[in-house]
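Visitor: Dumping the structure here so I can ask a few things about it.
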Amino acid sequence: MNSLVIVAVISLLTMLGDLCIKLATTHHQGVWSAFFVLGVLLYAVPAFGWFVLMRTHSLAAIGVIYSAATLILLAGLGHFAFNEALGPRQAAGVALAVVAVLLMQAESG
């Protein structure tokens, strides 16, 4: 399986886990809610993807790509699902994450 596909799946699962945990914060049962439990499970599954990626890539390279992808997905989720601000500072952070990915790719390519 393509490494970028694995990173995309890992990032998506992490984002869904974050979504569930965010929903659990507003649920009356909190950490005992189904949202929290599902969030924890969604956090655990990406460990298998990390294992596969670490066999063939440096931790730094996949870490930067994963972090950037997760940051972009979570910024979008926060903005569109929870009406969180996406101002100039957040946009600059997303842009710098993309630059970091490009720098890491240039080094390894």
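Visitor: Could you grab me the full set of residues in region 56-65 that are surrounded by 14 or more Cβ atoms within 10 Å (Cβ to Cβ) and in contact with a Ser or Thr (Cβ under 8 Å, 6 or more places away or on another chain)?
Guide: Looking only at region 56-65, we keep the residues that are surrounded by 14 or more Cβ atoms within 10 Å (Cβ to Cβ), and these are 57, 61-65.
His57, Ala61, Ile62, listed by residue number.
Visitor: Turning to a different aspect of this structure: Where in the chain are the helices (runs of 4 or more DSSP H), entirely inside, with at least 2 residues that are polar (S, T, N, Q)?
Guide: 3-25, 59-82, 88-108
Visitor: Right, something else. Examine region 66-87 for a residue that is touching a helix residue (DSSP H, G or I) at 6+ places or on another chain (Cβ under 9 Å), surrounded by 11 or more Cβ atoms within 10 Å (Cβ to Cβ) and more than 23 Å from Gly17 (Cβ to Cβ), and state whether such a residue exists.
Guide: no
Visitor: While we're looking at this one, here's another question. Evaluate region 45-58: report whether one residue or more is of a type in the set (S, T, N, Q) and without any contact (Cβ under 8 Å) to a residue 40 or more places away in the chain.
Guide: Just the residues of region 45-58 that are of a type in the set (S, T, N, Q), to begin with: 56, 58.
If we keep only those that are without any contact (Cβ under 8 Å) to a residue 40 or more places away in the chain as well, we get none.
Looking through region 45-58, none of the residues is of a type in the set (S, T, N, Q) and without any contact (Cβ under 8 Å) to a residue 40 or more places away in the chain.
Visitor: State the number of residues belonging to region 1-33 that are without any contact (Cβ under 8 Å) to a residue 24 or more places away in the chain and farther than 22 Å from Gly78 by Cβ.
Guide: Let us first name the residues in region 1-33 that are without any contact (Cβ under 8 Å) to a residue 24 or more places away in the chain, namely 2, 5, 20-21, 23-33.
This time we only want the ones that are farther than 22 Å from Gly78 by Cβ, so: 2, 5, 28-29, 32.
Within region 1-33, residues that are without any contact (Cβ under 8 Å) to a residue 24 or more places away in the chain and farther than 22 Å from Gly78 by Cβ number 5.
All of the numbers you see were taken from the coordinates with simple rules; none came from a lab. Computed from a predicted structure; not experimentally measured. With ideal geometry, Cβ positions are generated from the backbone for all residues, glycine too; neighbour counts draw on all protein chains shown.
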